[in-house]
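Visitor: Sharing a structure here in C-alpha cells format.
The values are calculated or read from the model by the stated rules, or taken from the named source; none is laboratory data. Fair warning: this is a prediction, and the values are worked out from it, not measured in the lab. Cβ coordinates were reconstructed from backbone atoms using ideal geometry, including for glycine residues, and neighbour counts include every protein chain displayed. When the accessible area is computed, the model is the full protein with side chains, heavy atoms only, and any ligands, DNA or RNA have been set aside. Shrake-Rupley method; radii C 1.70, N 1.55, O 1.52, S 1.80 Å.
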Amino acid sequence: MAQISASVFTSHVPAIGAALDLGKTGEDYWKPVFAGYDFAKQWEKEQKPDVVFLVFNDHATAFSLDMIPTFAIGTAAEYQPADEGWGPRPVPKVIGHPKLAAHIAQSVIQDDFDLTIVNKMDVDHGLTVPLSLVFGQVDAWPCPVIPFAVNVVQYPVPSGRRCFMLGKAIRKAIESYDEPLNVQIWGTGGMSHQLQGPRAGLINREWDNAFLDKLINDPDGLSKVPHIDYVREAGSEGIELVMWLIARGAMSDVNETKKGNAPTVRHRFYHVPASNTAVGHLILENN
C-alpha cells in the first residue's frame, strides 16, 4: 500500500521565485534564504518520493472571486506554470497523478470532506516556488505532484481544526491506495506577513517560531488556535499557515487508529526577511 514517509513545510514567497529565475541566488541578500534549503535538496535525492501531495493556495490565477472553492484537488495529468502578469515562470510543467488523486478524492469525500475536483488548471508561485526551493532548478520535476488548493484568500476560510482533520482523512486515503508508493505531503505558505494596510510589512519572529514548536510537539493544540490569533499575531496573510496543519494532520503520530511515534525533525530553518515575508521551512519524517 502507499505510505506517507514525510511532511515538508515551506513558505512560497513569489520574490524567491523571481530571485531564482533572474539568477540572484548568489546575492548577499538572498544567500541565507537559499542556504536554508541545501539540506532539503540533498535529502530529497536520497528519499526519492514517488508522489508529492502539495497543499498550497491559488493567488487569483486558477480561481477568482467568481468562484472560490474551499478545498480543491487537482486530478489532471499535467499542469502548466501560470502567467501571473509577467509571464509564466521558466520552470517545468507539473506532471500529475490522476489515479491517486481520484482515489484520494473518493475516499476524502466519503469521509465527509467536500472537495472540488479540478481537471484543468494552471499553477502559480504558491506551488512552483516550493518545488524550486526543495528540488532545485531542474529540467523536469523528479516525481508527479498532486496539487491541493485551499482558500486562504477570501473569507470565510477554513479553520485550523478543519485543516488538521482533513489531513487525517488524506492520510487514510493515501494509505488505502493499492500501490507501494512513497508519498510526501507538503504544506506551504506563510509565515508571518501582511501586504496591505497600516500594518503592511509586519513580521513576528517570536510567534512564527512558537508556531513551529507547536507544529512539531502539539499539533492538536495548535489546530485549535482561532483565526483572529493568526491575523493579529502573524498578519492578514499569516492565515496561510493553516495549510501547514493539513500536512501535519497526515503524520502517523496523530493517527488515532494506529498511532505512530513522534516524527523525526530532519531539518528546521527560519529567516527574515525575504521580501516582506518571514520564511519558514521544516522537514518531518514519519516513524
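Visitor: Near residue 172, which aspartates and glutamates are there with a Cα under 15 Å away, not counting those fewer than 8 places off in the same chain?
Guide: 111, 112, 253, 256
Visitor: On a full-extension model of 0.36 nm per residue, what is the gain between residue 46 and residue 25, subtracting their alpha-carbon distance, rounded to one decimal in nm?
Guide: 5.2 nm
Visitor: Percent relative contact order of the chain, based on C-alpha pairs within less than 8 angstrom and at least six residues apart?
Guide: This gives 30 percent for the chain.
Visitor: How far apart, in nm, are the 7 Å Cα→Cβ label points at residue 139 and residue 214?
Guide: 4.6 nm
Visitor: Right, something else. Please turn the phi angles of the stretch 220-235 into ³J(HN,Hα) values with the Karplus equation 6.51 cos²θ - 1.76 cosθ + 1.60 (θ = phi - 60°), one per residue in order, whole Hz, x for glycine and proline.
Guide: After applying 6.51 cos²θ - 1.76 cosθ + 1.60, I find 5, x, 4, 5, 8, 5, x, 3, 4, 5, 4, 5, 5, 8, 10, x Hz.
Visitor: What's the extension gain from residue 265 to residue 95 if we count 0.36 nm per residue and subtract their Cα-Cα distance?
Guide: 58.3 nm
Visitor: Residue by residue, what Karplus-based ³J(HN,Hα) values in Hz, rounded to whole numbers, does the stretch 102-118 have, using 6.51, -1.76 and 1.60 with θ = phi - 60° and x for Gly and Pro?
Guide: 5, 5, 4, 4, 4, 5, 5, 5, 5, 8, 6, 9, 8, 10, 8, 8, 10
Visitor: Over the stretch 139-244, with every protein chain in place, what whole percent of the accessible area is carbon and sulfur at 1.4 Å, could you tell me?
Guide: Heavy-atom surface of the stretch 139-244 belonging to carbon and sulfur, 1.4 Å probe: 53 percent.
Visitor: For a 25 Å ceiling on Cα separation, which of these pairs sit above it: 214/258; 45/120; 93/258; 93/224?
Guide: With Cα atoms farther than 25 Å apart: 45/120; 93/258; 93/224.
Visitor: To continue, here is another question. What's the magnitude of the charge dipole for the stretch 20-91 around its Cα centre, counting Lys and Arg as +1 and Asp and Glu as -1 at the beta-carbon? Answer in Debye, nearest 20.
Guide: 200 debye
Visitor: Say we join alpha carbon atoms closer than 10 Å with springs in a Gaussian network model of the chain; which of 192, 64, 159 then has the biggest fluctuation?
Guide: Top of the fluctuation ranking is 64.
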